[in-house]
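So the structure is just underneath, and the comments pick up after that.
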Amino acid sequence: MQEHQIHIRNVIMWVLGMALCPLGVTLSARAGFGVSMIEAPVYVTYLRVSQSVPKFTFGMAEYIVQALVLILLCVLIRKFKARYLLSFGTAVIFGIILDAWRNVIGTEVYEKTGMRIFACAASIVIVSFAIACFFRTDLPQEVWELFVKEYSDNKNKKITKVKWIYDLSSLTVGIILMLILLHKFEWTAIGVGTIITTIVNAPLIGLFGKLIDKVWKDKEGVRTPQTEFEERRALEEAAKRKEEEDEE
């Protein structure tokens, strides 16, 4: 009975993440204060291509850019695994859901400042909760998460450092693409909302994760992506402390 319950939680966490994360991304775009660092290259690509191809959607840009990131991963680690295609499949599903939410909620930036602020705040909360759900499932996730995990494992690098560099690189690529493709600084793509999201995302993900675990506890000993991440982070911190002690 317990194993079945764990399986159900695994699926529910994935479904919640896949349903809510695109909703949060949709709201961040409608807020017009800038999307997250991860989504910046995607959104800039969408803004430019849709000018020439009106039927090109945000969701299409999502899985096209993720396909390019997946190719980059395979080049960097010089390896390809069949399960990587599952992550790309997840990216396609994510893109379809993203377009569906945009059809329901709308695509234009809200006119009233109060509504824009509300949408920005709501997007941050929703995306943080969705990522906390993703951390509690081992079902295929998007290429963003796959890249960080696979690269850090293959190169034997600290996952926290790889994640930090990846996020910063995404922001840098987003800015470069914006200047090349749009020939201007587009604040609806990268703005104050991007900065706020970067600051509060991690604490909110941790908070929501604890709330989820409190409401729905796993059987002791069950490993999830989140527990693996926390274990690796603890080992990295212990290794860093040891290096500092050895230097002293």
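The values are calculated or read from the model by the stated rules, or taken from the named source; none is laboratory data. Note that the structure is a prediction, hence the values are computed from the model and not measured. With ideal geometry, Cβ positions are generated from the backbone for all residues, glycine too; neighbour counts draw on all protein chains shown.
Could you list, in sequence order, the residues of the stretch 182-200 that are surrounded by 20 or more Cβ atoms within 10 Å (Cβ to Cβ), touching a Phe, Trp or Tyr at 6+ places or on another chain (Cβ under 6 Å) and assigned to a loop (DSSP other than H, G, I, E, B)? Correct list: Ala189 only.
In this structure, Val104 does satisfy being loosely packed, with under 15 Cβ neighbours inside 10 Å and either in contact with a Phe, Trp or Tyr (Cβ under 7 Å, 6 or more places away or on another chain) or without any contact (Cβ under 8 Å) to a residue 60 or more places away in the chain (or both).
Does the stretch 8-23 include one or more residues that are free of Cβ contacts under 8 Å to residues at least 24 places away in the same chain, in contact with a helix residue (DSSP H, G or I) (Cβ under 6 Å, 6 or more places away or on another chain) and crowded, with 19+ Cβ neighbours inside 10 Å? There is no residue in the stretch 8-23 that is free of Cβ contacts under 8 Å to residues at least 24 places away in the same chain, in contact with a helix residue (DSSP H, G or I) (Cβ under 6 Å, 6 or more places away or on another chain) and crowded, with 19+ Cβ neighbours inside 10 Å.
Every condition in (1) farther than 26 Å from Thr188 by Cα; (2) among the acidic types (Asp, Glu); (3) out of contact with any helix residue (DSSP H, G or I) (no Cβ under 8 Å at 6 or more places or on another chain) is met by Glu111 except one, and the failing one is (1). Condition check for Ile175 on (1) β-branched (Val, Ile, Thr); (2) surrounded by 13 or more Cβ atoms within 10 Å (Cβ to Cβ); (3) within 16 Å of the chain's Cα centre (by Cα): one failure, at (3).
Among the residues of the stretch 211-220, is any at pLDDT 65 or above, over 25 Å from Pro41 (Cα atoms), surrounded by 16 or more Cβ atoms within 10 Å (Cβ to Cβ) and out of contact with any Gly (no Cβ under 8 Å at 6 or more places or on another chain)? Steps first, answer last, please.
Quick first cut of the stretch 211-220, residues at pLDDT 65 or above only: 211-217.
Keeping just the survivors that are over 25 Å from Pro41 (Cα atoms) gives 211-217.
Imposing the further condition that a residue be surrounded by 16 or more Cβ atoms within 10 Å (Cβ to Cβ) reduces the set to 212.
Checking the rest, the ones that are also out of contact with any Gly (no Cβ under 8 Å at 6 or more places or on another chain) come to 212.
Scanning the stretch 211-220 turns up at least one residue that is at pLDDT 65 or above, over 25 Å from Pro41 (Cα atoms), surrounded by 16 or more Cβ atoms within 10 Å (Cβ to Cβ) and out of contact with any Gly (no Cβ under 8 Å at 6 or more places or on another chain).
Quick check: is even one residue across the stretch 9-23 within 19 Å of Ser123 (Cβ to Cβ), touching a Phe, Trp or Tyr at 6+ places or on another chain (Cβ under 9 Å) and charged (D, E, K, R)? Among the residues of the stretch 9-23, not one is within 19 Å of Ser123 (Cβ to Cβ), touching a Phe, Trp or Tyr at 6+ places or on another chain (Cβ under 9 Å) and charged (D, E, K, R), which makes the answer no.
Leu98 falls short of the stated requirement of being surrounded by fewer than 18 Cβ atoms within 10 Å (Cβ to Cβ) and either among the hydrophobic types (A, V, I, L, M, F, W, C) or on the phi > 0 side of the Ramachandran plot (or both). Look at (1) closer than 17 Å to Thr197 by Cα; (2) in contact (Cβ under 8 Å) with a residue 24 or more places away in the chain and you find that Asp138 fails only one, number (1). Note on the stretch 113-168: among residues that are at pLDDT 90 or above and small (Gly, Ala, Ser), the one that is surrounded by the fewest Cβ atoms within 10 Å (Cβ to Cβ) is Gly114. Residue count for the stretch 147-166, restricted to those that are on the phi > 0 side of the Ramachandran plot and touching a residue at least 60 places away in the same chain (Cβ under 8 Å): 0.
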